Structure formats: C-alpha cells, structure tokens
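A.B. asks: Provided herewith is a single structure, encoded as structure tokens, for subsequent inquiry.
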Amino acid sequence: MLSSFCSPPAKGINMKVEINRERLATTFTELCEIDSPSKKEAEVAAYLKQKFSDLSADSIYEDNSAAQTGADCGNLIITFTGSHPELESLFFSCHMDTVGPANGVEVTRTGDIFTSKGDTILGSDDKSGIAAILELITSLKENNIPHSTIEIILTTCEEIGLLGAKSLDYGKVQSTYGYALDATGINQVIIGAPTANKIKISVKGAAAHAGLNPEAGINALSLTAEALSNITVGKLDHESTRNFGIINGGAATNIVPELITLYGEVRSHSPKKLTQYTREVLDSFNAVVDSWEGQQTTGDARPSFECDITDDYPVLKLEQNSPVVTRIEQASVKCGKNIQFIIAGGGSDGNIFTSHGLQTAIVATGMNKVHTIDEQLDLNDMVNLTELLHALTT
C-alpha cells in the first residue's frame, strides 16, 4: 500500500552544510545505550533536558501527560527562538521510547554501520531522529547560522499506541506544522497514512467435559472460527487492510472452551471504508451467534459475544501544495536531494498531531530492520537526514 512521486531534480547551488559525523555518531550511540522502553523514558528525558539546556534552549517544558500514559515522565517541548525573520517556525518530533528487548543495549559500530550486540534492538527507532536534531542545533549554534524558530516535541509511549501524542499539551506548541522523524528508508517523506480501529471480540459459550458430555457445552472456539471464515483478511482494496493477530482462550484440552478473546484491527485511508469493514466483522459474529441452534443437553444456554472498538488513530492526508510539503520539497532542492513522497500503510504520532491541526509529514531517518534484534543504521543516512533538517531551518 505504497505509492510515491519524486520532487523535481535539484537545481542551482548545492547548499549542503558540513556535518560533524563523529559527534553525530557519538550522540547516537549515547542515546541508544540509555534504556527507554515504553513508560520508562525518564532517564533519556533527563539526558535530553541537559543536552538542550547546554545548547541554551529558550524553553524546556515537560507536560503532565504521565498521568494519562502511565509513563515515568511527560512529553518534552523544547524551543529555540529563530533569528531568520523570513522563515516560519516549525517543529520536529521524535518519540523517546523503544520496543523490546530494550534493556542493556550495547551499540556495535562496523565502519559506518551501527547494530546492537545482538540480543536487543538497537534503538534507531527513534533515536536516529533525536540524534539528528541534536546535531542540527549544535551546528547552528557553533556556526552562528540564522534559522527559523525550532520547536522540538519528544513524546513518550509511541510504540504502545501513540499515547504520548494523544496526551500532549498542544497549547504549548506555537508552530502550525512540522516533521516527525520516524520512518524507515532515507530521502522519503510520508504524506498519507491510514486511520485505524482496534477490535477486541469476546465470544462466550458454555464449558463442559469434552470426553464425558461435550454435547452439553457450547464451543466458543468453533463459533469464533466460523465467524472468522466469513471475514476476508489482508488487503481488502488498494487503501484498506484487516487483520486478526491474537487469540486467547480455553482452559484444557478436555474442556469445551467457554470463552475466546480475539484481537484485530482494520485500517483504511478512507474513513467511510473503515466503518464499512469494521461493520462486516460485527455482522459476521452476529450472524453466527444468532443462527446457533442448541440441543436439549444445552438447556437454555446460548452463545453471545461482546465487541470493543477503539479509534486508534485518525487518517493523515497532506496536500502537495500545503506549506509542510512545499517547504520540505524546496529544502530538498536546496541541499541537493531528490526525495520521494510516500503514501504509507501505518500510523504514527504524525496522525495524531495532524488531527489536532498541526500538519505533520513523516520523514525517513535511515533506520532499517526496526523492531528486531537485526536492526541497523548507516551513519551516512543519519548525516543525510541532518543535512535536510539544516536546509529546512535555514
């Protein structure tokens, strides 16, 4: 579910800035080796507060989102007031948390390639973006380069449902658009992402001894399987998908299963189709339960089901002529890069920001094989990202 088109070929003067590669590499390594699994971001947040304080940030604000997310710290909003009167302010966003296994990360560098020692993730998702921001600010400061006002939003709990973004204190953000540095690949910008529903279905039958009197039971697993057999999963059309990924239930092999719980999702770039494809799930389970015919041995017992639907994140759709897209397109030309604009299949903090009126494009950072212990990052890609951020802010 990807499509793309390229920005125009770069013309004119190549405006690349010299990036301190080794300093960037050191910062990235330091960040990765600070444990920050979801809900335990306080240590990396403290590190970042100190770093931005050392860079003379005009403000460093930690919101009260921890009360909603359950994290051990809030989101951070850091501001560097601009000195370039012709440039609109913008924000850069990254998340501070990582997926597991994330405790005791040790970074291994082979040439320009970063990996973990092999039994944890690396953490380039999303610390590659944070490292690039830190190098950007450091470079602007030490070279006294005029720049736009830069706001930096660092969220918690992104990996477990975009919780930090959902609880962000939006009243503290002054920019009207920005860029979430949080995607695989390089020189790619996501300008479209789907909306999604999470689905939890609990099917209740009746327990019975499977060897002595199975006819007295109502097999919740069989009912679930029958309902699922009538539901298409995978790609539903060019902009929609549906999946069931977790199933729990049963007590023993000799007991007719009384309760089965199923977890799934529906995604679509069309809110109307999202509603339709979610409705199909409910209709299938309703039909199976309603058509069930009991026996004398089951008495008055009947199967039932409950369904909880959670609005996970809203659709992200940015127009090609919007300021957030135009600015990065112009910046890419300025620094000699040909970027691709991508329509993606997953959601991110950018979906949430955009729904709050802060149009957000998602920028690739070079991260690769994320959410696995084989995760890796090329320093050259992180340098490339930092050059693009420099062009965006100057």
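A.B. asks: Applying the selection to the range 269-291, what residues are surrounded by 15 or more Cβ atoms within 10 Å (Cβ to Cβ) and more than 16 Å from Ile231 (Cα to Cα)?
C.D. replies: If the condition is that a residue be surrounded by 15 or more Cβ atoms within 10 Å (Cβ to Cβ) and more than 16 Å from Ile231 (Cα to Cα), then His269, Ser270 are the ones that fit.
A.B. asks: Separate question: Tally up the residues in the range 244-265 that are in contact (Cβ under 8 Å) with a residue 12 or more places away in the chain, over 27 Å from Pro194 (Cα atoms) and among the aliphatic types (A, V, I, L, M), please.
C.D. replies: First, pick out the residues of the range 244-265 that are in contact (Cβ under 8 Å) with a residue 12 or more places away in the chain: 244-251, 253-265.
Then keep just the ones that are over 27 Å from Pro194 (Cα atoms); that gives 248-251, 253-260.
Adding the requirement that they be among the aliphatic types (A, V, I, L, M) leaves 251, 255-256, 259-260.
Qualifying residue count for the region: 5.
A.B. asks: Taking the residues in the range 315-331 that are over 19 Å from Leu87 (Cα atoms) and either part of a helix (DSSP H, G or I) or in contact (Cβ under 8 Å) with a residue 24 or more places away in the chain (or both) as candidates, determine which candidate is farthest from the chain's Cα centre (by Cα).
C.D. replies: Of all residues in the range 315-331, those over 19 Å from Leu87 (Cα atoms) come to 315-320.
Those left that are additionally either part of a helix (DSSP H, G or I) or in contact (Cβ under 8 Å) with a residue 24 or more places away in the chain (or both): 315-318, 320.
Details: Val315: 13, Leu316: 12, Lys317: 16, Leu318: 17, Gln320: 22 Å.
The extreme case among them is Gln320.
A.B. asks: Consider only pairs whose beta carbons are under 6 Å apart and that are at least six residues apart or on different chains; among these, list those whose first residue lies in the range 373-388 and is surrounded by fewer than 21 Cβ atoms within 10 Å (Cβ to Cβ) and whose second residue is assigned to a strand (DSSP E or B).
C.D. replies: Going by the 6 Å Cβ cut-off, the qualifying pairs are Gln376/Ile113; Gln376/Thr115; Gln376/Asn368; Asp378/Ile113.
A.B. asks: Could you list, in sequence order, all residues of the range 266-304 that are charged (D, E, K, R), touching a residue at least 12 places away in the same chain (Cβ under 8 Å) and farther than 30 Å from Ser355 by Cα? Quick ask: steps written out before the conclusion?
C.D. replies: Taking the range 266-304 first, the residues charged (D, E, K, R) are 267, 272-273, 279-280, 283, 290, 293, 300, 302.
Still in the list and also touching a residue at least 12 places away in the same chain (Cβ under 8 Å): 267, 273, 280, 302.
Within the range 266-304, Arg302 is the sole residue that qualifies.
A.B. asks: In this structure, is Thr354 without any contact (Cβ under 8 Å) to a residue 60 or more places away in the chain, assigned to a helix (DSSP H, G or I) and touching a Pro at 6+ places or on another chain (Cβ under 9 Å)?
C.D. replies: On the way: without any contact (Cβ under 8 Å) to a residue 60 or more places away in the chain: yes; assigned to a helix (DSSP H, G or I): yes; touching a Pro at 6+ places or on another chain (Cβ under 9 Å): yes.
For Thr354, the condition - without any contact (Cβ under 8 Å) to a residue 60 or more places away in the chain, assigned to a helix (DSSP H, G or I) and touching a Pro at 6+ places or on another chain (Cβ under 9 Å) - is met.
A.B. asks: Can you name the strands (runs of 3 or more DSSP E) wholly within the range 79-156 that have at least 1 residues being on the phi > 0 side of the Ramachandran plot? Show your work before the answer.
C.D. replies: Working: elements: 90-95, 107-110, 113-116, 150-155.
Filter on the range 79-156 gives an empty set.
A.B. asks: What is the residue count in the range 166-200 for residues that are closer than 21 Å to Pro271 by Cα and not basic (Lys, Arg)?
C.D. replies: Residues of the range 166-200 closer than 21 Å to Pro271 by Cα: 166, 190-200.
If we keep only those that are not basic (Lys, Arg) as well, we get 190-197, 199.
Qualifying residue count, the range 166-200: 9.
A.B. asks: While we're looking at this one, here's another question. If a residue counts only when it is buried (at least 18 other Cβ atoms within 10 Å of the Cβ) and not basic (Lys, Arg), which strands (runs of 3 or more DSSP E) contained entirely in the range 195-251 have at least 1 such residues?
C.D. replies: Numbers: elements: 195-204, 234-237, 240-249.
Correct list: 195-204, 240-249.
We did not get these values from a lab; they are worked out from the coordinates using the rules stated. As the structure is a prediction and not an experimental result, all values here were calculated from the model. When we count neighbours, we look across all protein chains shown, and the Cβ atoms used for this are built from the backbone with ideal geometry, even at glycine.
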